[in-house]
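The values are calculated or read from the model by the stated rules, or taken from the named source; none is laboratory data. Note that the coordinates shown come from a computational prediction; the quantities given were computed from them, not determined experimentally. Cβ coordinates were reconstructed from backbone atoms using ideal geometry, including for glycine residues, and neighbour counts include every protein chain displayed. Calculation scope for accessible area: heavy atoms of the full protein, side chains included, ligands and nucleic acids excluded. Shrake-Rupley method; radii C 1.70, N 1.55, O 1.52, S 1.80 Å.
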Amino acid sequence: MTTVGVYVDGPNVDRTLHGAGEYDILVRVGSLLVEFAEEYGELTEKIVFMDHDNKWKLRDTRDDLEANGFTFDLAPRIYGKSLTDPMMHCHVVDRLHDDNCPSILVMATSDGDVTIPLEYVSNHSRTSVVVGEQNSLSRLLTRKCTELGFECHSFQLLAKAR
Amino acid sequence: MEFDNKQRINAKIFALLQGLVPVEKPEENKVVLVDRDELMARVSDLEGSGRKDEAYRLLVAAESLTDDAFKNLYSQMASKSVRIRTSTMFHLIREAHGAQITRSELVRQLLLPTIIEFFNEIRGDVEYEKARLVHYCIDNWRTKRKGAWRLSELENDKLDEYYEEFVRGGVLKKHQRSDQLKLEFRDSTKSFLRSLFRLNNLDEEGNFIYSPEVVEKYWDLQIDPAIFEIEATPSPGSLRVLFYNNAVMFKLKRSGDPEDLAILELLALERRNGRIHNFRLDISGLNEEEDDILREALDQHTSYLVNGEGFLGLTIKQVDKLPEKGREKLRQALSGISGLFVESAFPIVSTVKDEDGSFKNAPSDVKFNRLEFSLSLAKDDWAFLLDDVPIDDSHQSDLNALVRQKLLRLSKYLYKEPWAFPPIEYETARERYEMMVSKVGRNHDSQNVQKDILVHLIYLDFYDSISSLSELIGAELFRFLSGTQVLTFTIPRVLLAFLEKVTSRMDFDEVLLQGLEKGS
């Protein structure tokens, strides 16, 4: 059975979907990700990475994530700098060395920095699937996904088709 | 409908939209779309001829074409990279800047009409629900980014994109370091700078300030200053070429060759009181002890007091020339050190000497380490014009002549006496050189003649270096402007399938240019 992990860059998803005016997607982003990820296999892990003092743009976002079984990993801020991204990337790279690492790692983010852990995923013979806000997906990220043979999906089109 | 073997995913997308099945034809390197009836006929044929495995694979492939498969492909985004002509890219950047939109947004605007037109051609064969989804996809991709660019919220790579597209106005750039350049180019650039240095090594009476042999040896030891960078800015329509670093740092270590001491002396004297026009340098010892020796030697006989208007009725006057005793002391000090760290800058121009001996600021339109041109596109065929010289095979020599003209103008301001540049025309220098060479054999005041021969050789070398460099720079400019650039953009996977079908029968440049022409 194919196992799937879902890793959400909380601040990025919150900010980009809200900035794009996609409120209807934002309030059910947890449900959407679970429904999508289950098409690939058995969900074994669902984590949202976020700043410890994160204030969600819409209250319902957090409720929906919680209702769908996501756990929340809180990152500190050091001198005002958010450490959510390195925390998420380090977690993913760490998991790759575990025997029970999921076969497919779904990364919910539009940030080009995630291309670094994607390389690690590929080098460890795992697969990643990226989901991001359509207009915020960086060219670097979509190009990297194409190079590595990973799928890259748009939240908007995902929501429309389901 | 047929697809190349490499476009299996496109074939699958079209099959899913139209309720067809993609069947591979490996012997023709193709994938064709067939309806269910034709599929069953093929399966039947394969089973009849004993190819049951192939028949089974066809059926499995057909079974995988589910609504879920469509949903998965539908929501995917893809990255597409295409090579387009540099002139097309230039046009794109210029239009985007003029419309105050990003290049990505402009590319979408230009591609969408073609994509929509294509979809309308096949729409009759597409299931209603799927057609609706495709329309949504098109509208979603067409819509500009909702909300303004909020800089404080942009991730780093989006910030770079913002900076490149809005602040810099978009540029086309090519940069090569010294180690990436061909030897011919590096030699030619060094030769050009060396020639200028040698010209500036002549004083007002036409005598050498420093021995030409020592100057030659110094330039042999100096590291390559050549780089090559072209930057084309579509708005406002300019191009610049940087072809050398004027500031270099290197270490000179004495090897036991007596000429090494002469080079150290040249550098020390220049550091103490620069006489080569537009040459600046700083030197230091290779260790603390040697640095102290050097400093002491350099600081001697630098100034003296004379009657004047200063404190106690005295004024400090700089010593222009080190007396022979001081020079001997300098040589002794230098013979005790093993080498130097050198930071040198040539040419460096902040002021230009006028005929009356006064200094004024260099003209603002002259940049001493670059050549600048205007760059535009001809209206009829979108070919480049560089300072009105067309960039095509038949105008290569005009391009070289243009570069030569720019190099000469640059040289004028790097020369010690700009108002007297060029010191001599090429033909005159050649005639005199040949005449003097013929005199040497007849013993006519041969020492002076030999000096004059060398001076005229320096003039000829200068012109030769200009000719050689102008051809090399001209060739690089031609290659860059008549070449291609990579355009990368993000597009929904379904729309990419449509676009690739269109561009299989039409040049990508033509698709973009048609869109630009319609818009203008």
* To do: Only bridges with both residues in the protein assembly as shown count here: give the DSSP antiparallel percent, nearest 5.
  => 70 percent
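May I ask for the equivalent-ellipsoid semi-axes of region B:174-231, computed as the square root of five times each C-alpha gyration tensor eigenvalue and listed largest first in whole Å? Walk me through the intermediate numbers first.
On the way: eigenvalues 154, 30, 10 Å².
Ellipsoid half-lengths, sorted descending, are 28, 12, 7 Å.
Which FRET efficiency value, to the nearest 0.05, is calculated for B:Glu2 and B:Phe421 with the Förster distance at 56 angstrom and r the Cβ-Cβ distance?
Working: r = 67 Å, r/R0 = 1.19.
E between B:Glu2 and B:Phe421, to the nearest 0.05, is 0.25.
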* For region B:64-80, state which residues have at least 30 Å² less accessible area in the presence of all protein chains than in their chain by itself, taking the probe as 1.4 Å and leaving out ligands, DNA and RNA. => B:Lys71, B:Asn72, B:Tyr74, B:Ser75, B:Gln76, B:Met77, B:Ser79
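Tell me, rounded to the nearest percent, the portion of alpha carbon pairs in the protein assembly as shown spaced more than 48 Å apart. Intermediate values should be presented prior to the final figure.
Details: 96258 of 232221 pairs.
Everything past 48 Å amounts to 41 percent.
How much net charge surrounds B:Lys253 when only other residues with a Cβ under 12 Å from its Cβ are counted (Lys, Arg +1; Asp, Glu -1)? Before the final figure, lay out each step's value.
Working: positive: B:Lys251, B:Arg254; negative: B:Asp257, B:Asp260, B:Glu290.
Neighbour charge sum, excluding B:Lys253 itself: -1.
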* **Inter-chain shielding of A:149-156 (mean C-beta neighbours from other protein chains, 10 Å cut-off)** => 5
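How much net charge surrounds B:Pro22 when only other residues with a Cβ under 9 Å from its Cβ are counted (Lys, Arg +1; Asp, Glu -1)? Spell out each step's value before the answer.
Working: positive: B:Arg8, B:Lys12; negative: B:Glu24.
Computed value for this residue: +1.
Residues with beta-carbon under 10 Å from that of B:Ala262, excluding B:Ala262: net charge, scoring Lys, Arg +1 and Asp, Glu -1? Walk me through the intermediate numbers first.
Values: positive: B:Lys217, B:Arg331; negative: B:Glu213, B:Asp257, B:Glu259, B:Asp260, B:Glu265.
Summing Lys/Arg as +1 and Asp/Glu as -1 gives -3.
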* With contacts defined as alpha carbon pairs under 8 Å and 6 or more residues apart, what's the relative contact order of chain B in percent? -> 21 percent
* Asked: Do any residues of region B:477-520 lose at least 20 Å² of accessible area when the full set of protein chains is present rather than just their chain alone, and if so which, with a 1.4 Å probe?
  -> B:Thr488, B:Thr490
* Structure fact -> Over the Cα atoms of chain B the radius of gyration and the largest Cα-Cα distance (Dmax), both in Å, equal 34.5, 120
* How big is the A/B interface in buried accessible area, both sides summed, 1.4 Å probe, to the nearest 100 Å²? -> 2800 Å²
* aspartates and glutamates whose Cα lies under 19 Å from that of B:Lys130, excluding same-chain neighbours fewer than 8 positions away -> B:Asp35, B:Glu63, B:Asp67, B:Asp68, B:Glu117, B:Glu121, B:Asp139
* Between B:Glu510 and B:Gln447, what FRET efficiency comes out of the Förster formula 1/(1 + (r/R0)^6) with R0 = 60 Å and r the beta carbon distance, rounded to 0.05? -> 0.30
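On a 28 Å Cα-Cα criterion, which of the cross-link pairs B:Lys182/B:Lys217; B:Lys30/B:Lys80; B:Lys190/B:Lys329; B:Lys30/B:Lys71 come out too long?
Numbers: B:Lys182/B:Lys217 23 Å; B:Lys30/B:Lys80 22 Å; B:Lys190/B:Lys329 33 Å; B:Lys30/B:Lys71 25 Å.
As for pairs spanning more than 28 Å Cα to Cα, those are B:Lys190/B:Lys329.
Using 0.36 nm per residue of separation minus the Cα-Cα distance, give me the extension gain between A:Asp98 and A:Lys81 in nm, one decimal.
On the way: separation 17, 0.36 × 17 = 6.12 nm, distance 2.93 nm.
Gain on extension, A:Asp98 to A:Lys81, equals 3.2 nm.
What dipole magnitude, in Debye to the nearest 20, does the protein assembly as shown give about its Cα centre under +1 on Lys/Arg Cβ and -1 on Asp/Glu Cβ?
Details: 87 positive and 114 negative charges, 185 e Å.
Computed charge dipole of the protein assembly as shown: roughly 900 debye.
Using a 1.4 angstrom probe, figure out how much accessible area the protein assembly as shown has per residue, in square angstrom, rounded to the nearest whole.
Ligands and nucleic acids excluded, the figure is 48 Å² per residue.
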* Structure fact -> Unit-weight point scatterers at every alpha-carbon of region B:1-93, Debye formula, q = 0.10, 0.14, 0.18 1/Å: log10 I(q)/I(0) is -0.37, -0.61, -0.85
* **Sequence-separation-based contact order of region B:410-520, relative, with Cα cut under 8 Å and 6+ spacing, percent** => 17 percent
* To do: Could you please state how large a percent of the accessible area of the protein assembly as shown is carbon and sulfur, counting protein chains only and using a 1.4 Å probe?
  => 47 percent
* B:Arg123-B:Asp393 FRET efficiency (beta carbon distance; Förster radius 45 Å; 0.05 resolution) -> 0.50
* To do: Per residue of A:130-140, count partner chain C-beta atoms within 10 Å of its C-beta, then hand back the mean as an integer.
  => 5
* Bin width 5 Å, alpha-carbon pairs only: give the P(r) of region A:41-92 as whole percents, running from 0 to the bin holding the largest distance. => 5, 18, 25, 24, 17, 8, 2, 1, 0
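For region B:1-125, what is the relative contact order in percent, using Cα pairs closer than 8 Å and at least 6 residues apart in sequence?
On the way: 86 pairs, mean separation 22.0, N = 125.
Reported as a whole number, the value is 18 percent.
I'd like to know how region A:47-137 sits against the 2.2 N^0.38 Å rule of thumb: what's its Cα Rg over that expected value? Spell out each step's value before the answer.
Values: Rg = 13.9 Å, N = 91, 2.2 N^0.38 = 12.2 Å.
Normalised by 2.2 N^0.38 Å, the Cα Rg of region A:47-137 equals 1.14.
What is the gain in length, in nm to one decimal, between B:Ile209 and B:Lys174 on full extension, counting 0.36 nm per residue of separation less the C-alpha to C-alpha distance?
Working: separation 35, 0.36 × 35 = 12.60 nm, distance 3.92 nm.
Length difference between fully extended and current span is 8.7 nm.
Under 24 Å between alpha carbons: how many lysine pairs meet that in chain A, if sequence neighbours fewer than 8 apart on the same chain are excluded? Let's see the in-between values first.
Details: A:Lys46/A:Lys55; A:Lys46/A:Lys57; A:Lys46/A:Lys144; A:Lys46/A:Lys160; A:Lys55/A:Lys81; A:Lys57/A:Lys81; A:Lys57/A:Lys160.
For chain A, qualifying lysine pairs total 7.
Subtract the Cα-Cα distance of B:Lys52 and B:Asp282 from 0.36 nm times their separation in residues, and report this length gain in nm to one decimal.
Numbers: separation 230, 0.36 × 230 = 82.80 nm, distance 8.33 nm.
The span from B:Lys52 to B:Asp282 would gain 74.5 nm if fully extended.
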* Asked: Among A:Val106, B:Ala15, B:His97, whose Cα lies farthest out toward the positive end of the dipole of the protein assembly as shown, if unit charges sit on the beta carbon of Lys, Arg (+1) and Asp, Glu (-1)?
  -> B:His97
* Cα gyration tensor of chain A - equivalent ellipsoid semi-axes, whole Å, descending -> 21, 18, 16
